[in-house]
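The values are calculated or read from the model by the stated rules, or taken from the named source; none is laboratory data. On a predicted model such as this, the values are computed, not experimentally measured, just so you know. Positions of Cβ are generated from backbone atoms using ideal geometry, with glycine treated the same way; all protein chains shown enter the neighbour counts.
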Amino acid sequence: MSSYLTFYLVPKKDKEETKEPLALMSYSRSSAIYQVFYENNDIAYKGNDDKPNYTELTKDLVNKVVNAVKTDYDDAQKNFAARMDAYKSIKLEGETFDTYVEDFQSTTSYLEELKETIAQVEFIASMVEDLEYSDFEKILINID
């Protein structure tokens, strides 16, 4: 069964007028964005009731996610550098060389994915940061 993390914009209200949240974007369970938000926050499940459940995306909540991804990136970079130093101290041939190449390729790919995730999460953070200058009062998220 598919699961999605969905971001909603809530328009600013005109006196007594209730505005429904507008779906902005969704990320599937297999995406890095879904994973970092899910792992670092307690996000409401949409639910099956008549009234959906939401978690408000605050500056603190999104900054927690940004910091978690940056920490993952820094840790991965340090581990990668240590492994590359270890490879330099041994003779790279045959199976050892193949292992080195595979490790190098998969880790550099992982680091690029983390950089892309950081950029996406920082974009989401900038939306939250600049919300007061928009026509929206808040950003909500949930998982369905």
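Scan segment 60-69 and tell me whether some residue there is more than 17 Å from the chain's Cα centre (by Cα) and among the aliphatic types (A, V, I, L, M). No, segment 60-69 has no match at all.
Sort through GLU113, GLU137 and tell me the only one that's outside any helix (DSSP H, G or I) and either charged (D, E, K, R) or loosely packed, with under 11 Cβ neighbours inside 10 Å (or both). It would help to see each step written out before you state the result.
Numbers: GLU113 fails: outside any helix (DSSP H, G or I).
Exactly one residue qualifies, and that residue is GLU137.
When ASP75, ASP103, ASP98 are checked against the criterion of being assigned to a helix (DSSP H, G or I) and under 23 Å from GLN120 (Cβ atoms), ASP75 stands alone in meeting it.
Restricting the first member to segment 74-93 and to residues that are closer than 13 Å to THR108 by Cα, and the second to residues that are β-branched (Val, Ile, Thr) and at pLDDT 80 or above, the beta-carbon pairs closer than 7 Å and six or more apart or on different chains are PHE80/THR107. Note on segment 11-47: residues that are assigned to a loop (DSSP other than H, G, I, E, B), in contact with a Phe, Trp or Tyr (Cβ under 6 Å, 6 or more places away or on another chain) and modelled with pLDDT of 95 or more amount to 0. Buried (at least 17 other Cβ atoms within 10 Å of the Cβ), part of a strand (DSSP E or B), in contact (Cβ under 8 Å) with a residue 40 or more places away in the chain and aliphatic (A, V, I, L, M): does that describe ILE124? Criteria not met by ILE124. Residue pairs whose Cβ atoms lie under 7 Å apart, separated by 6 or more positions or on different chains, with the first residue in segment 9-29 and of a type in the set (S, T, N, Q) and the second part of a loop (DSSP other than H, G, I, E, B), are SER28/SER2.
Out of the residues in segment 81-95 that are assigned to a helix (DSSP H, G or I) and in contact with a helix residue (DSSP H, G or I) (Cβ under 8 Å, 6 or more places away or on another chain), which is surrounded by the most Cβ atoms within 10 Å (Cβ to Cβ)?
Step one: filter segment 81-95 for residues assigned to a helix (DSSP H, G or I), giving 81-88, 94-95.
With in contact with a helix residue (DSSP H, G or I) (Cβ under 8 Å, 6 or more places away or on another chain) added as a condition, the list becomes 83-84, 87.
Details: ARG83: 14, MET84: 13, TYR87: 16.
So the residue we want is TYR87.
Of the listed requirements (1) closer than 22 Å to ALA23 by Cα; (2) surrounded by 12 or more Cβ atoms within 10 Å (Cβ to Cβ); (3) of a type in the set (Asp, Glu), ASP72 misses just one: (1).
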